[in-house]
Amino acid sequence: QVQLVESGGGLVQPGGSLRLSCAASGSIFSGNAMGWYRQAPGKEREFVARIDSTITYADSVKGRFTISRDNAKDTVYLEMNNLKPEDTAMYYCFAITSTVYWGQGTQVTVSS
């Protein structure tokens, strides 16, 4: 079993920055993939970023978002810069072991 707890969401103006954190507990190892999806109101959940032996980003966030991981803390981060209103969504952390685990989500709202 793996438990994921996200934090760091909030309200930010366009062009601003936020850093999301996802702390994992349970049977998680450094080789397990972790990452982020997001879901805006009325839209399907979409991939944002993933980190394991490689790092992958959605085209919509390349150059603005950075995913990183602290294996000692079993925590993955998403540094989000130059935020746009279209980045507004609930952001969900995931971890892949023998199954996929999800966090409860953290809301990011980009608005002036």
Give me the lysines in straight-line cross-link reach of LYS43: C-alpha distance below 28 Å, same-chain residues under 8 apart excluded. LYS62, LYS84
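Counting heavy atoms of the protein chains only and a 1.4 Å probe, report the per residue accessible area for the chain as a whole number of Å².
Working: 5830 Å² over 112 residues.
Spelled out: the 1.4 Å probe surface of the chain, per residue, equals 52 Å².
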If you find the alpha carbon centre of region 62-94 and of region 5-34, how far apart are they in angstrom? 6
Please figure out what share of the DSSP beta bridges in the chain is antiparallel and state it in percent, rounded to the nearest 5. 95
Just need the relative contact order of region 1-88 here, percent rounded to a whole number, with Cα pairs under 8 Å and 6+ apart. 33
Percent of accessible area on the chain owned by carbon and sulfur, 1.4 Å probe? 48
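If packing is taken as the mean number of other Cβ atoms within 10 Å per residue, what is the order of 73-86, 9-22, highest first?
Details: 73-86: 17.6, 9-22: 15.8.
In decreasing order of mean packing, 73-86, 9-22 become 73-86, 9-22.
The values are calculated or read from the model by the stated rules, or taken from the named source; none is laboratory data. Predicted, not measured: the structure shown is a model, and the values here were computed from it. In this analysis, Cβ positions are derived from the backbone assuming ideal geometry, glycine residues included, and neighbour counts consider all displayed protein chains. Keep in mind that these areas ignore ligands, DNA and RNA; they rest on the heavy atoms of the full protein, side chains included. Shrake-Rupley method; radii C 1.70, N 1.55, O 1.52, S 1.80 Å.
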